[in-house]
Amino acid sequence: MPIKTKWLVEGRVILSVYTGDVTKPEYIDANNVMNRLLNQGQFPVHVIIDHDDAESVPTNITETLTLLTWLAHDNLGWHLISRPRAEVKFTSAVVSQANDNRYREFPDRIHALEFLEEIDDSLKGHLLED
């Protein structure tokens, strides 16, 4: 499966890694997993989407708004993306704005983790090795 989603920090930080060519049915499956995890988590649950190995993802804005319901979840904290392609940057920015998400892009996952440790004191020492 080109999308693997798991807890990075149980109940607080979700990591979703995209690889290869991500299809619409895979988006739907990943959305269900993401909603399940967000339901289990404690606000704020931050989400990191890692695009480092993604070749392509659906970028239709209307479909993305419809398919990715987790972006409107009440437990969602920050929505962070590492290494998004240009078309993903645009789609993510529009969809995040439509959902009133706290959203940022980073050149890699390490920078996203550093950001979370800076803005959320409860995560200090849980994301990065010294």
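Local charge for G11 was computed over the other residues whose Cβ lies under 15 Å away, with Lys and Arg +1 and Asp and Glu -1, and equals 0. This model, with +1 at the C-beta of Lys and Arg and -1 at the C-beta of Asp and Glu, gives the chain a dipole about its Cα centre of some 320 debye.
Ignoring aspartates and glutamates fewer than eight residues from K6 along the same chain, the ones with Cα atoms less than 13 angstrom from its Cα are D50.
When the GluC sites (Glu not before Pro) in the range 1-81 are filtered for DSSP coil states and for at most 13 other beta-carbon atoms within 10 Å of their beta-carbon, the remaining sites are E10. Put the Cα centre of the range 1-57 next to the Cα centre of the range 62-107 and the gap is 12 Å. Across the options A93, L123, T62, the greatest Cα extent toward the positive end of the charge dipole of the range 3-123 (unit charges at beta carbon of Lys, Arg, Asp, Glu) belongs to T62. Taking amide H as placed 1.01 Å from N in the peptide plane, the amide H of Y103 sits under 5 Å from that of H79, each at least 5 places away or on another chain.
What do you get for the angle between helix 86-98 and the principal long axis of the chain? Use alpha-carbon atoms, 0 to 90 degrees, nearest ten. Taking the Cα atoms of the chain, the angle to 86-98 is about 70 degrees.
Any read-out appearing in this document is the output of simple, stated calculations on the displayed coordinates, not a laboratory observation. Please read all numbers here as calculations on a predicted model, not as lab measurements. Note that we place each Cβ from the backbone using ideal geometry, even for glycine, and neighbour counts take in every protein chain shown.
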